[in-house]
């Protein structure tokens, strides 16, 4: 099963509260939430991983 990463956007002006990314290929271990941008507001700084 591919790895998943659940992410929340903490930007108060953004309508996206959370999203989930499914990796369909081998991602290097060094890849993390800081390598992505919010699909709604396009910001990178307000993203944080949701730890279950």
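For residues that are assigned to a strand (DSSP E or B), modelled with pLDDT under 95 and surrounded by 13 or more Cβ atoms within 10 Å (Cβ to Cβ), tally how many sit in segment 8-38. Outline the logic, then answer.
From segment 8-38, those assigned to a strand (DSSP E or B) are 8-9, 18-22; that's our starting set.
Still in the running and modelled with pLDDT under 95: 18-22.
Adding the requirement that they be surrounded by 13 or more Cβ atoms within 10 Å (Cβ to Cβ) leaves 19, 21.
Total satisfying the criteria: 2.
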Taking residue 44 as meeting all but one of (1) at pLDDT 95 or above; (2) in contact with a helix residue (DSSP H, G or I) (Cβ under 8 Å, 6 or more places away or on another chain), write down the number of the exception. (1)
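So if I check each of 26, 13, which one is more than 12 Å from the chain's Cα centre (by Cα) and without any contact (Cβ under 8 Å) to a residue 12 or more places away in the chain?
Details: 13 fails: without any contact (Cβ under 8 Å) to a residue 12 or more places away in the chain.
Matching residue, one of 26, 13: 26.
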Report, ordered by the first and then the second residue, all pairs with beta carbons closer than 6 Å, sequence separation of six or more or different chains, a first member in segment 32-52 that is touching a residue at least 60 places away in the same chain (Cβ under 8 Å), and a second member that is outside any loop (DSSP other than H, G, I, E, B). none
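The values are calculated or read from the model by the stated rules, or taken from the named source; none is laboratory data. Since the model is a prediction, treat every value here as computed from it, not as a measurement. Every residue, glycine among them, receives a Cβ derived from its backbone with ideal geometry; neighbour counts consider all protein chains shown.
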